[in-house]
Amino acid sequence: MTAAPILVFENVVKRYGALTALAGVSLTLHRGEVVCLIGPSGSGKSTLLRCANALDPLDQGRISFDGHEVRSSETSVRLVRQRMGMVFQNFELFPHLTVLRNVTIGPTTVLKLGQAEADARARKLLAKVGLADKETSHPSALSGGQQQRVAIARALAMEPALMLFDEPTSALDPETIGEVLSVMKTLADEGMTMLVVTHEMDFARRVANRVAVFDKGRVIEEGTPQEIFTAPKVPRTRDFLSHLGWHGESK
Amino acid sequence: MTFDWNIVWSSLPRLLDGAWMTIWLSVVTMLLAIPGGLALALLRLSGIKPLAMAATAFVEFFRATPLILQIYWVYYVLPAYFDIQLSQIATAIVGLACNISAFNSETFRSGIVSIRQGQWNAGLALGMSRFSVFCRIVAPQALMRVLPALASTWVSLFKDTSLVSIIAVSELSYVALQIRAETYRILEVLTAMAALYWLMGYPQAKLVDWIHHRFKVAE
C-alpha cells in the first residue's frame, strides 16, 4: 500500500464500567481505502467508530487522524469531526428541519458558508443520492432508505476527508438496503476513504479493500476480502461467517 | 330576590381595569418565567454539582409549597428579615415568577432529556459546538414537545393571578371583591367576575387544546 495513512488506531482500549468494549485495537486506514469492519454484535465495531471522532473518549491508546492525535478537548475535536463524515444506524436526521436544511446545517454553522452557497452544494449532493425532488420534505415523510441517503448527503456536505458508516443499513427494510449500498459503492468508486461497520457481507466482499474481523473487542483477523471470505485463517472468523450462511464459495 | 345589574354596568370600567391587570401580570410573569425556567433546567442538567443542587432545591421548594404562602412570604418575610421592601405589584411578580419558573424548569428539563443522544451525536459529528447543537437541534425539538405543557401552565397561571389579591394588587379578583364590599351586591359582582374570567379563559383553554392537537409528538 503506497497511499498515506489517514486514520491510525494504536492499541485502543475503551471500557464501559466493567465491560471492556475495545481491548486494544490497532488498525490503519489509508487514503482512498475502504475498510469494512465485520463481526458479531457487541464486538466493539461501532464503539471504534465513535472513538474515531471522539463521540466516546478513549481509556487507553491513541488515535491519529491525518497526522494529528484526536484529543478530547472540544476545539481540536471539532476540527477533526468537520473532516470526518459520520452516518448512523438510525439516520439521526433532524426531524424539525427540511431535507435541504438537514444538509446545509453543517456547512452554514460550522464552515460558515453563505446560505446560497450551502444550498447549491446541498442540491448537488441530493441529486447525487437521487433525492433532488425531496428537498422541501421533512424526514418523517421519507422511507428509511431515503432518510439514510439524506444522511449521507448531510455528511458529504462538509466535504470530509473520510467517511465513517455505522451499520448504515441495519435499520432498513430489505427493499431499501440496495439503494443505500449503491450510493456507498459510488462513493467508494470515486475514491472516498471509508470505514464501514456492516453486516452486509456481499458489500464487504465486493467493495472493501480490506476487511477486519472483530470479536470481543479485538481484531481477530484482517485481510483482503478474498482472504477473509474464501480462506479465513482464524476458526472464529469461519464460525461467524458460516453463522451468516456464508461458506466462502457463494460467488 | 332582586338583581341590580346596574351595579355591574357602572363598575364595568373598574372591572375591566382589573381584568387588564390580570392579563398584564400573567404576561409579565410568563416572560420572566420562561427564561427563568430554562436557566433552572440548564443548571440542573449542567452536571456542576453545587449549581444543580441549588437549582433543584429552588424548584422543589416552589413546587411543593402553596403559591399563596410564597406570596405572603415575599410580602412579609423579605422586608422583615432582609430589609427588602418591594411594591405590591413587584411582590406579586416575584412570587408568581419564582413559582412558574419552577414549574417551567421541570417542563423544559423533561423536554430536553427526551431528545435522544443520537441527535446530539449527529450534530457533534458535523463539527458543531455543544452550544450550537443545543440551540439549533435539541432546543427547537424540545420546545415543540413541551409547548402543550407550557400552554397548560399558562392557563393555570392566568387563574392563579387571583391569589395576589391577598396583597391588594388590583387585578380582577381584588377589584371585584372591593366593589362587592362597597355595594353589597355579592351575586351580581361575583357573576360579573366569573363572566370576565370565563370570557378570557375559555379562548385560552381552546387554544391549548389546539396546541395539544397540533404539536403531538411525531417522528
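The values are calculated or read from the model by the stated rules, or taken from the named source; none is laboratory data. Computed from a predicted structure; not experimentally measured. Neighbour counts are summed over all protein chains in view; Cβ atoms, including those assigned to glycine, are modelled from backbone coordinates with ideal geometry. Ligands, DNA and RNA are excluded from the accessible area calculation, which covers all protein heavy atoms including side chains. Shrake-Rupley method; radii C 1.70, N 1.55, O 1.52, S 1.80 Å.
Here B:PRO140 clears all of (1) away from every other protein chain (no Cβ under 14 Å); (2) out of contact with any helix residue (DSSP H, G or I) (no Cβ under 9 Å at 6 or more places or on another chain); (3) under 30 Å from A:SER73 (Cα atoms) except the condition numbered (1).
Quick check on B:ILE100: is it surrounded by 20 or more Cβ atoms within 10 Å (Cβ to Cβ) and under 18 Å from B:TRP154 (Cα atoms)? Answer is yes for this residue. When region A:167-186 is examined, which residues are found to be in a helix (DSSP H, G or I) and under 12 Å from A:GLN147 (Cα atoms)? If the condition is that a residue be in a helix (DSSP H, G or I) and under 12 Å from A:GLN147 (Cα atoms), then A:THR176, A:ILE177, A:GLU179, A:VAL180 are the ones that fit. If you check B:VAL164 against the conditions, is it more than 14 Å from chain A (Cβ to nearest Cβ), out of contact with any Leu (no Cβ under 6 Å at 6 or more places or on another chain) and part of a helix (DSSP H, G or I)? When the stated conditions are applied, B:VAL164 passes them. Selection of region A:104-125 for residues being more than 8 Å from chain B (Cβ to nearest Cβ) and touching a Leu at 6+ places or on another chain (Cβ under 6 Å) yields A:PRO107, A:ALA122, A:LEU125. Scanning region A:53-101 for residues that are over 23 Å from B:PHE131 (Cβ atoms) and among the hydrophobic types (A, V, I, L, M, F, W, C), we see that the one that is most open to solvent (accessible area, probe 1.4 Å) is A:LEU58.
Among the residues of region A:202-220, those identified as out of contact with any Gly (no Cβ under 9 Å at 6 or more places or on another chain) and surrounded by fewer than 21 Cβ atoms within 10 Å (Cβ to Cβ) are A:ASP202, A:ARG205, A:ARG206, A:VAL207. Contact map, region B:109-123: first residue at the interface with chain A (Cβ under 8 Å from one of its Cβ atoms), second residue open to solvent by 20 Å² or more (accessible area, probe 1.4 Å), Cβ cut-off under 6 Å, separation 6 or more or different chains; pairs are B:GLY118/A:ASN90; B:ASN121/A:LEU55. Applying a threshold of 7 Å to beta carbon distances and a minimum spacing of six or more residues, or different chains, the list of pairs starting in region A:25-36 at a residue that is in contact (Cβ under 8 Å) with a residue 24 or more places away in the chain and ending at one that is of a type in the set (Phe, Trp, Tyr) and in a strand (DSSP E or B) reads A:VAL25/A:PHE9; A:SER26/A:PHE9; A:LEU27/A:PHE9. Taking the criterion of being more than 30 Å from B:PRO140 (Cα to Cα) and in contact (Cβ under 8 Å) with a residue 12 or more places away in the chain, the residues of region B:192-219 that qualify are B:ALA192, B:MET193, B:LEU196, B:TYR197.
Listed by first and then second residue, the pairs linking a residue in region A:51-80 that is within 23 Å of A:LYS112 (Cβ to Cβ) and polar (S, T, N, Q) to a residue that is modelled with pLDDT of 90 or more and not in a strand (DSSP E or B), with Cβ atoms under 8 Å apart and 6 or more places separating them unless they lie on different chains, are A:ASN53/A:VAL77; A:ASN53/A:VAL80; A:ASN53/A:ARG81; A:ASN53/B:ALA125. Among the numbered conditions (1) surrounded by 18 or more Cβ atoms within 10 Å (Cβ to Cβ); (2) at pLDDT 95 or above; (3) hydrophobic (A, V, I, L, M, F, W, C), the only one that A:LEU172 does not meet is (2). Among the numbered conditions (1) closer than 30 Å to A:ALA18 by Cβ; (2) out of contact with any strand residue (DSSP E or B) (no Cβ under 7 Å at 6 or more places or on another chain); (3) assigned to a loop (DSSP other than H, G, I, E, B); (4) within 14 Å of chain B (Cβ to nearest Cβ), the only one that A:VAL77 does not meet is (3).
The set of residues in region A:102-116 being part of a helix (DSSP H, G or I), open to solvent by 30 Å² or more (accessible area, probe 1.4 Å) and in contact with a Ser or Thr (Cβ under 9 Å, 6 or more places away or on another chain) consists of A:GLN115 alone. Considered as a group, the residues in region A:84-101 that are assigned to a loop (DSSP other than H, G, I, E, B) and within 8 Å of chain B (Cβ to nearest Cβ) include one that is nearest to A:CYS51 (Cα to Cα), and that residue is A:PHE88. Annotation: of all residues in region A:127-145 being in contact (Cβ under 8 Å) with a residue 40 or more places away in the chain, within 16 Å of A:HIS96 (Cα to Cα) and open to solvent by less than 50 Å² (accessible area, probe 1.4 Å), the one that is farthest from the other protein chains (Cβ to nearest Cβ) is A:LEU142.
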